[in-house]
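The values are calculated or read from the model by the stated rules, or taken from the named source; none is laboratory data. None of the values given here were measured: they were computed from a predicted structure. FYI the Cβ positions are ideal-geometry reconstructions off the backbone, even for glycines, and counts take in every protein chain you see. The area values use the complete protein model at the heavy-atom level, side chains included, leaving out ligands, DNA and RNA. Shrake-Rupley method; radii C 1.70, N 1.55, O 1.52, S 1.80 Å.
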Amino acid sequence: MPKKPIHPIKVAAARSGLSHHVIRAWERRYGAVTPSRGHGHRRLYSESEIERLALLREATAAGHPISTIAQLNASELGGLLAKSHTAKRAAISRAVDAGSSFRSEALEAVKRLDGTGLKQSFERGVVALGHQGFLQVVVAPLADEIGAHWRSGKITAAHEHFFVATAKMFLGRATEQFAPDGAGPRLICCTPAGQLHELGAFMVAAAATHLGWRVVYLGASLPAAEIAGAAQQNNAAVVALSIIYPGDDPNLPEELLGLRRYLPDETRILVGGRAAPAYDETLARIGATVVDSLEDCCEALDRLRRADRR
């Protein structure tokens, strides 16, 4: 990778996941990076400096104060993050184990097409784990499990649709009480054109509402221009997209590129879902924040909300 400082702060912000303000503050207060200056005294960042900013952002998200890590080198930051990731995986494993009984109950209810039984297992899961825990260790992994059962022929499409419909109704009612009343940043949540599986987007909408975002949920398979129009109308800070299936849509890259062109520069794009890695190159080009789990999504939403307040 080239080391020459050629990237303006806009690119550094998009690729590191930090706001312009934070990058400048970390430079001024802690000497975290030392960008060069181009024409008009504009900051210019090298690839290694952008990578360093991304590492520092990840480390601060894991709970390490920037004041204590700003002078660590890349190797030291990597070691710090490795320890944090090990602790995080252990915590996730414990949480997933805590949700296993509720997932088993719910799966059996789905196989019976038992709406009452499924709702009761959901209610017990919320009481035991809280809304965020319920979303992350019951609904999200259960959706993956049910999808696997459907693809292998163990259950039918009717069972999968029954689960999605019931989960959406339950989550919708459960999150109404958390919807912010006139405060908090706006988030647009949907799936892009051609993506018909919307439960992932609905779970993100529910999780974001619990975190204090004012969510506008648009549903499935919406063209880029329509998404951008809704974002501009609502002055949205973030557009969140779920990409589940298919992973080889030849039209989706252009939809994503179009969305970035239509959106204001300051509107961030957050993307997750099982098929998202298939579009990595395009997602990097549009500066999207990519998450690989609902827990990662919640952490990213917290970071973006802090950046929006700045």
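Any idea which residue in segment 226-283 is most open to solvent (accessible area, probe 1.4 Å), counting only those that are farther than 25 Å from residue 211 by Cβ, part of a loop (DSSP other than H, G, I, E, B) and out of contact with any helix residue (DSSP H, G or I) (no Cβ under 8 Å at 6 or more places or on another chain)?
Among residues in segment 226-283 that are farther than 25 Å from residue 211 by Cβ, part of a loop (DSSP other than H, G, I, E, B) and out of contact with any helix residue (DSSP H, G or I) (no Cβ under 8 Å at 6 or more places or on another chain), the one most open to solvent (accessible area, probe 1.4 Å) is 245.
Pick from segment 263-310 the residues that are within 13 Å of the chain's Cα centre (by Cα) and of a type in the set (Ser, Thr, Tyr): which of them is nearest to residue 250 (Cα to Cα)?
Per the criteria, the residue is 289.
Could you tell me whether residue 286 is closer than 24 Å to residue 212 by Cα and open to solvent by less than 20 Å² (accessible area, probe 1.4 Å)?
Answer is no for this residue.
Got a number for residues in segment 147-173 being in contact with a Leu (Cβ under 7 Å, 6 or more places away or on another chain) and among the β-branched types (Val, Ile, Thr)?
2
Which of the residues that make up segment 146-163 are crowded, with 16+ Cβ neighbours inside 10 Å and in a helix (DSSP H, G or I)?
146, 147, 149, 150, 159, 160, 162, 163 - these are the residues of segment 146-163 that are crowded, with 16+ Cβ neighbours inside 10 Å and in a helix (DSSP H, G or I).
Looking at segment 188-202, can you tell me whether even one residue there is over 27 Å from residue 238 (Cα atoms), among the small types (Gly, Ala, Ser) and not in a loop (DSSP other than H, G, I, E, B)?
no
It is to be established whether one or more residues within segment 201-214 are open to solvent by 30 Å² or more (accessible area, probe 1.4 Å), within 18 Å of the chain's Cα centre (by Cα) and more than 21 Å from residue 301 (Cα to Cα).
No, every residue in segment 201-214 fails to be open to solvent by 30 Å² or more (accessible area, probe 1.4 Å), within 18 Å of the chain's Cα centre (by Cα) and more than 21 Å from residue 301 (Cα to Cα).
Within segment 24-46, can you find the residues that are part of a helix (DSSP H, G or I) and within 16 Å of residue 77 (Cβ to Cβ)?
Scanning segment 24-46 gives 26, 30.
I need the full set of residues from segment 88-99 which are at pLDDT 60 or above and more than 11 Å from residue 139 (Cα to Cα), in order please.
Across segment 88-99, the qualifying residues are 88, 89, 97, 98.
Please find, within segment 1-33, the residue that is nearest to residue 56 (Cα to Cα) out of those that are modelled with pLDDT of 90 or more and exposed (fewer than 12 other Cβ atoms within 10 Å of the Cβ).
31
Can you tell me which of (1) under 14 Å from residue 161 (Cα atoms); (2) in contact (Cβ under 8 Å) with a residue 24 or more places away in the chain; (3) not hydroxyl-bearing (Ser, Thr, Tyr) is the one residue 112 doesn't meet?
Looking at each condition in turn, residue 112 falls short on (2).
Restricting to segment 65-83, count the residues that are assigned to a loop (DSSP other than H, G, I, E, B) and more than 26 Å from residue 284 (Cα to Cα).
3
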